[in-house]
Amino acid sequence: MSNYINTKIFTKENIHDAAKLIQEGEVVAFPTETVYGLGASATNKLAISKIFSAKQRPQDNPLIVHVSNTAQVDVLSHINENAKTLISKFWPGPLTIILPKKDIVPYSVTGGLETVAIRMPNHKLALEFITLSDVPIAAPSANISGRPSSTSFEHVYEDLNGRISGIIKGDTPSIGLESSVVDLTTNPPLLLRPGGISFEELKQTIPEIKLHKGSADTVKSPGMKYKHYSPRAKVILFEENSGKKIQEYASKLNEDGKIVQIIKLENNINCAQNLFKLFRDADLKGIEYILIKAINEEHIGLAIMNRVRKAASKIIN
Ligand code: TXA
Ligand code: MG
């Protein structure tokens, strides 16, 4: 590979050195409670461009800016009442809010949009790292674009060693799926991406909130139009009422000499935490087909099924 970068590995003991790299305009991956992030100074355009090239991300897909205190929200954006309510209820936590941006946020962070996505992670090491960096940190998930998000140091290393300046090693994220993304610039507010905070919980706080049913031509969150979360194996999704078809389908593929894995979903946080790891482990084992039966889309099930639908290349009714 051209431009090989020596990737330094950090732990909580030398997190100061990782923060120094951020101040020098470099890219450092760090753990959060959702997935690992690929961070750079949110106000440094050159640093931001390094994120996009490291993960081969399309330029129009905006980044989330991570903060370690609520005062930073005022610096980055024009805050509103709904934002104040959500922040006091769910931060720090797996909730990203979208607000009108201020000039300090470069368009390269927002993919050219007038709005900015902001989140305060509920993760001690991540908060310390942002505070020590002394600047808000723009960070997409720490994976090569299109691949499953990283939920361990090993996943980050596999995708990004040699492409970024550092990786902070942490424990396994407690949630394992990305944050919920809520657009607070629209009336009614919209849940653009289901995640760690459920739609049900959000509705209890903002009753008028609606679930955005995104399609490629009604793009609200640019990230939603790209293929996502995909292992190299072909993911085939069986809808809930598809009966016994999944076993028959697996046997048929086996007869054809294909290597098949059935992943059994459950509507709980443990399943969320393991989903991306199961995808990546399947690749390591050389699995060619992953068959998955849908679960109901309530609570964390909505986020689990959102990721599975995006990873799927075929849906069977
Ligand atoms: O849990 C998470 O959110 C993780 C951790 C690292 O914080 N981050 C993450 O980032 O998932 P990323 O870049 O993989 O996903 C960000 C999502 C994308 O779907 C993007 O389109 C959307 O947020 N987004 C960012 N800024 C936006 C904006 N101004 N308007 C609409 N959508 C936005
Ligand atoms: Mg991502």
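Every number here is computed from the coordinates shown, using simple stated rules; none is lab data. Nothing here was measured: the structure is a model prediction, and the numbers come from that model. With ideal geometry, Cβ positions are generated from the backbone for all residues, glycine too; neighbour counts draw on all protein chains shown.
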Next on the checklist: Explain nothing, just the number: relative contact order of segment 92-160, from Cα pairs under 8 Å at least 6 residues apart, as a whole percent.
Outcome noted: 25 percent
Checklist entry - Tell me, what is the percent relative contact order of segment 1-43, built from C-alpha pairs under 8 Å that lie six or more residues apart? => result 25 percent
Checklist outcome for this item: Over the chain, the sum of -39500 (n - 2.57) across DSSP H runs of at least four, divided by residue number and rounded to 500 deg cm²/dmol, gives at 222 nm -9500 deg cm²/dmol
Item to check | Debye, to nearest 20: dipole size of the chain, +1 on Lys, Arg Cβ, -1 on Asp, Glu Cβ | outcome: 640 debye
Checklist outcome for this item: To the nearest 10 degrees, the tilt of helix 269-284 (Cα long axis) against the first principal axis of the alpha carbons of the chain is 70 degrees
Item to check | Given charges at Cβ of Lys, Arg, Asp, Glu: the chain dipole, positive-most of 61, 21, 294 | outcome: 294
Checklist entry - Tell me, 201, 33 in order of fewest to most beta-carbon neighbours within 10 Å? => result 201, 33
Next on the checklist: Limiting things to C-alpha atoms, what are the Rg and the maximum Cα-Cα separation (Dmax) for segment 1-76, in angstroms?
Outcome noted: 13.2, 41
Checklist entry - If one takes the longest principal axis of the Cα atoms in the chain, at what angle in degrees, from 0 to 90 and to the nearest 10, does the Cα axis of helix 124-133 lie? => result 40 degrees
Checklist outcome for this item: The exposure ranking of 289, 107, fewest beta-carbon neighbours within 10 Å first, is 107, 289
Next on the checklist: Based on alpha-carbon atoms only, what is the radius of gyration of segment 50-94 relative to the globular estimate 2.2 N^0.38 Å?
Outcome noted: 1.46
Checklist entry - For the chain, what does the alpha-carbon gyration tensor say about shape, rounded, prolate or oblate, given a ≥ b ≥ c as the root eigenvalues, a/c under 1.5 as rounded, and a/b over b/c as prolate? => result oblate
Checklist outcome for this item: So, relative contact order of the chain in percent, Cα under 8 Å, 6 or more apart, is 20 percent
Checklist outcome for this item: Fewest-first ordering of 78, 212, 123 by Cβ atoms within 10 Å yields 78, 212, 123
Checklist entry - With charges set only on the Cβ (+1 for Lys and Arg, -1 for Asp and Glu), what does the dipole of segment 37-191 come to about its Cα centre, in debye to the nearest 20? => result 140 debye
Next on the checklist: With the cut-off at 21 Å, tell me which of the pairs 20/169; 234/285; 234/310; 55/101; 101/213 have Cα atoms farther apart than that.
Outcome noted: 55/101; 101/213
Checklist entry - Which value in Å is the Kirkwood Rh of segment 142-188 over different Cα pairs? => result 12.7 Å
Checklist entry - What residue among 113, 78, 47 has its Cα farthest toward the positive end of the dipole of segment 38-125, where the charges are +1 on Lys, Arg and -1 on Asp, Glu, each on the Cβ? => result 47
Checklist entry - Which order do peptides 109-122, 61-74 fall in by mean Cβ count within 10 Å, highest first? => result 109-122, 61-74
